[in-house]
């Protein structure tokens, strides 16, 4: 693949290609956006573009620092569009090595271990690797995935590299939660925003990639994924959705939920809960089933909405959204679920939604 193959991120890709065209490549970039919208894929293909070594002249090495976090004031104010002339060939030895994570000048770093964090020693090793001149490419490039999972010590250590970047080095932070990064890290990076795809675009792409999908199912997957193509393609969303509703019913009935065993699955359920509450509020407010995301579960959604006022449904959605935000502080999982169950029963009313 190449930058031209990144789907639905023309603005982000155009910005990156514009930086290359003007030889104004930032030493640090922050790729920010929801999971599954193509941030890491773009980072890999941008690294391939920068170090591509086909028959055309190589990219100019180096480039100015300091003021390179922003394009010149006289740059085109219109949204940038991808430039097909600035891309990787996807065939040379450099491109192939980067695709296989085997290029000596391109490094990939991500959380590891039981704590699922980026360790200080990993950052130190990366700093040392970046301190040397490129071995065979134009740039030393580091792609740090899930960058928000740097703990305080790691983030502070990483600041040294951002403040005094080695020459001919580029650091790409990839994050779906950029607000969790230290402000001092964010301020030293050029932010490239990635956005979800429109539902119609997503639906068409899903049908192209899976001939078995009909219009209704493709539309449902598009809405459930929130416009995140990677999420729709790589996850069994319908199974996850159904499981999340079963958990919601059990919590509403006051049962202990054994299916939520760790922080990640709990956080994922809170995301699904927002989808169900969204549909519940829409049906309560309008009575229109055609506005639902989960149109095929209208009966169960109606059962949820019957026992509560619209203001209570909206209040519950805000409360669960806040709880999800607090999960990063390592809340006690059992107490969190018990409290969530109490809130749901208070706002929605205890009812056997599965039998309506």
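The values are calculated or read from the model by the stated rules, or taken from the named source; none is laboratory data. Quick caveat: nothing in here was measured; it's all calculated off a predicted structure. Note that we place each Cβ from the backbone using ideal geometry, even for glycine, and neighbour counts take in every protein chain shown.
If a residue must be in contact with a strand residue (DSSP E or B) (Cβ under 7 Å, 6 or more places away or on another chain) and surrounded by fewer than 19 Cβ atoms within 10 Å (Cβ to Cβ), how many such residues does region 1-14 contain? Walk me through how you get there before you give the answer.
Going through region 1-14, the residues in contact with a strand residue (DSSP E or B) (Cβ under 7 Å, 6 or more places away or on another chain) turn out to be 12.
Those left that are additionally surrounded by fewer than 19 Cβ atoms within 10 Å (Cβ to Cβ): none.
Looking only at that region, the number is 0.
With respect to the conditions (1) at pLDDT 90 or above; (2) in a helix (DSSP H, G or I); (3) in the same structural domain as residue 18 (by TED's automatic domain parsing); (4) surrounded by 19 or more Cβ atoms within 10 Å (Cβ to Cβ), residue 171 falls short on a single one, namely (2).
For residue 319, state whether it is touching a helix residue (DSSP H, G or I) at 6+ places or on another chain (Cβ under 9 Å) and surrounded by fewer than 19 Cβ atoms within 10 Å (Cβ to Cβ). In short, yes. For region 167-186, enumerate the residues that are within 18 Å of residue 154 (Cβ to Cβ) and out of contact with any helix residue (DSSP H, G or I) (no Cβ under 9 Å at 6 or more places or on another chain). Across region 167-186, the qualifying residue is only 183.
With the requirement that a residue be loosely packed, with under 14 Cβ neighbours inside 10 Å and more than 15 Å from residue 339 (Cα to Cα), what does region 243-257 give you?
Step one: of region 243-257, the residues loosely packed, with under 14 Cβ neighbours inside 10 Å are 246, 254-256.
Listed by number, the list holds a single entry, 246.
The set of residues in region 184-203 being more than 19 Å from the chain's Cα centre (by Cα) and loosely packed, with under 14 Cβ neighbours inside 10 Å consists of 184, 187, 200.
Number of residues in region 105-119 that are modelled with pLDDT of 95 or more and assigned to a loop (DSSP other than H, G, I, E, B) equals 1.
Annotation: residue 31 fulfils all but one of (1) buried (at least 19 other Cβ atoms within 10 Å of the Cβ); (2) in contact with a helix residue (DSSP H, G or I) (Cβ under 6 Å, 6 or more places away or on another chain); (3) modelled with pLDDT under 95; the unmet one is (3). Being modelled with pLDDT under 95, more than 27 Å from residue 15 (Cα to Cα), touching a helix residue (DSSP H, G or I) at 6+ places or on another chain (Cβ under 7 Å) and not in a loop (DSSP other than H, G, I, E, B) is not true of residue 122. In summary, helices (runs of 4 or more DSSP H) completely within region 197-298 and bearing 1 or more residues that are in contact (Cβ under 8 Å) with a residue 40 or more places away in the chain and not assigned by TED's automatic domain parsing to the domain that holds residue 340 occur at 199-209, 215-224, 229-234.
Applying the selection to region 21-37, what residues are more than 8 Å from the chain's Cα centre (by Cα) and assigned to a loop (DSSP other than H, G, I, E, B)?
If we filter region 21-37 for residues that are more than 8 Å from the chain's Cα centre (by Cα), which is where we start, we get 21-31.
If the condition is that a residue be more than 8 Å from the chain's Cα centre (by Cα) and assigned to a loop (DSSP other than H, G, I, E, B), then 22, 23, 24, 25, 26, 27 are the ones that fit.
Answer with yes or no whether residue 303 is surrounded by 15 or more Cβ atoms within 10 Å (Cβ to Cβ) and without any contact (Cβ under 8 Å) to a residue 24 or more places away in the chain.
no
Is it the case that residue 106 is touching a residue at least 60 places away in the same chain (Cβ under 8 Å) and buried (at least 21 other Cβ atoms within 10 Å of the Cβ)? Give the steps one after another, and end with the answer.
Numbers: touching a residue at least 60 places away in the same chain (Cβ under 8 Å): no; buried (at least 21 other Cβ atoms within 10 Å of the Cβ): yes.
So residue 106 fails the test.
May I ask you to verify whether residue 303 is outside any helix (DSSP H, G or I), more than 25 Å from residue 151 (Cα to Cα) and in the same structural domain as residue 249 (by TED's automatic domain parsing)? Walk me through it before giving the result.
Numbers: outside any helix (DSSP H, G or I): no; more than 25 Å from residue 151 (Cα to Cα): yes; in the same structural domain as residue 249 (by TED's automatic domain parsing): yes.
Judged against the criteria, residue 303 is not a match.
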